[in-house]
Amino acid sequence: MSNLFRDRSPYSWSFRVGSGRRVLDLPLTAWLTVIWILLWGTLSWANLVNGVIVAVCLCLAFPLPSVDLGLRLRPLGILRLTAYLLYDMFSSSVEVTRQIFARGPYPAAVVAVPLRVRSDLMLTATAVAVSNVPGGSVIEVRRSTATLFLHVLDADDPGETESAQRSVWRMEELVARAFGTAEDIALVAQPVPEGDPSP
């Protein structure tokens, strides 16, 4: 292999092999390694090393075109996002448990939350992060308007729906600061969207 050079994505490299070209994408390699470990069901050094070898072989044997997904790994942002997710999951679990054992019905509602970042990656990552928190399930993602539709408990309280929207916007900001490009970070620094898109 010769002529190693960087591609548009900061996490992929291209190798020229004869007249062909092979792309080694680090996020894809990491994801394939995780899948390999999950398939074996045991986290061990042998499974980790074998997973990396298999992932690299697959990436080189079946090359994909080099595409910049707009993914950037920012360690400080990832730590902030992880800490916020853990805190939010704990506090939301306590609140949902309280509602389960409390008397009286809790009317639910669907709340539309327009996002500031419109890239598919940020939209998907924000939706997944929000869905991991108890009491705030994403039931629909409208790509054309970059809007999440969120199922909210205790919706008869106007403050609860506003709090749910603010929570999604906070999650969007943390996701962008952990994995987004400079343009994504600039967008989440802007004021939150006005208006309420109808479902």
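Laid out as a table, the results:
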| item | result |
| --- | --- |
| Distance between modelled label sites at F101 and I139, nm, 7 Å Cα→Cβ extension | 2.8 |
| Segment 84-131 shape via C-alpha gyration tensor axes, a/c threshold 1.5 | oblate |
| Residue-normalised accessible area of segment 31-87, given per residue in Å² at a 1.4 Å probe | 73 |
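The values are calculated or read from the model by the stated rules, or taken from the named source; none is laboratory data. Just so we're clear, the structure is a prediction, and the values are computed from it rather than from any experiment. Here the Cβ is made from the backbone with ideal geometry for all residues, glycine too, and neighbour counts use every protein chain on show. Each accessible area value is taken on the protein alone, full model and side chains, heavy atoms only, with ligands, DNA and RNA left out. Shrake-Rupley method; radii C 1.70, N 1.55, O 1.52, S 1.80 Å.
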